[in-house]
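Okay, structure first, notes after.
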Amino acid sequence: MGERWATFDCYGTLIDWKGGIRRELARVFGPESADELLHRYHELEPELEADGELSYREVLTEAMRRLGAPEGEEDALARSLPSWEPFPEVPAALEDARSRGWKLAILSNTDRDFIDASMARLGVPLELAIVASEIGSYKPGPRHWERFFEQTGAERGTHAHVAASLFHDVTPANELGLRSVWINRLGEEPVPQPTKELPDLTRLGAILDELVPVAV
């Protein structure tokens, strides 16, 4: 059996993306507007990513501009992203997966400098990260996975993808015939169905071992 690989979405799965964006929206626009603007941001981001031409820094900046950010605050989200924190259980969960022999990689809709800053906050070694700005494509497009398999030579039979977004990650993983672990932090209904579902990453290592047991 080949090496076991777990790939991860980063923002919303490992790093508290929603919390980071909401805090900055509250700072710029006021706490009373933060939830409404966060909902609008969720709508804007896929539109801005659709053709793959903008870097994630440009996506964040243009989204803030369309939300009506005052002069000098258009890049507020981009400035704040390197400070966004991991979810509390994430570093220990990644260490546990590594201790079980899993190789770890990130497939992210972001830029190299952002992912480097976030990986430093995770504090756990990862084998590689593939980012949208370097491949000219954003998930749910398939290019992240295609590049991952090209670059690593990983086998699909010993791979699992871990993510919190049904739209960006679970749907394309299903379309590509890949195993997925959906991190359902918000208690949502799984449409489409992932291979496995967890409320957070606490039990991730055990679930990954269920999906791809160690060869005897």
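The values are calculated or read from the model by the stated rules, or taken from the named source; none is laboratory data. From a predicted model like this one, the values you see are computed outputs, not experimental measurements. Please note: Cβ atoms are built from the backbone with ideal geometry, for glycine as well, and neighbour counts cover all protein chains shown. Heavy atoms of the whole protein, side chains included, go into the accessibility calculation; ligands, DNA and RNA do not. Shrake-Rupley method; radii C 1.70, N 1.55, O 1.52, S 1.80 Å.
Computed values, structure above
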quantity	calculated
Nearest 10 degrees, 0 to 90: helix 143-152 Cα axis against the chain principal axis	40 degrees
Listed peptides 141-151, 98-108 by packing density, highest first (mean Cβ within 10 Å)	98-108, 141-151
The stretch 1-103: C-alpha gyration tensor shape, a/c 1.5 cut-off, then a/b vs b/c	prolate
Fraction of accessible area attributable to carbon and sulfur, the chain (%, probe 1.4 Å)	49 percent
Probe 1.4 Å, protein heavy atoms only - accessible area per residue of the stretch 1-128 in square angstrom	43 Å²
Percentage relative contact order, the chain, counting C-alpha pairs under 8 Å, at least six apart	25 percent
Solvent-accessible ranking of Val131, Val191, largest area first, probe 1.4 Å	Val191, Val131
Fraction of beta bridges assigned by DSSP in the chain that are antiparallel (%, nearest 5)	5 percent
Relative contact order computed over the stretch 128-197 (Cα-Cα under 8 Å; 6+ residues apart), in percent	25 percent
Shape of the stretch 114-183, Cα gyration tensor, a/c cut at 1.5	rounded
Degrees between helix 17-29 axis and first principal axis of the chain (Cα, 0 to 90, nearest 10)	10 degrees
Cα gyration tensor category, rounded, prolate or oblate, for the stretch 70-167 with a/c compared to 1.5	oblate
GluC sites (Glu not before Pro) restricted to DSSP loop in the stretch 25-72 with at most 16 other C-beta within 10 Å	Glu53, Glu71
Tail fraction, Cα-Cα pairs, the chain, threshold 24 Å, whole percent	40 percent
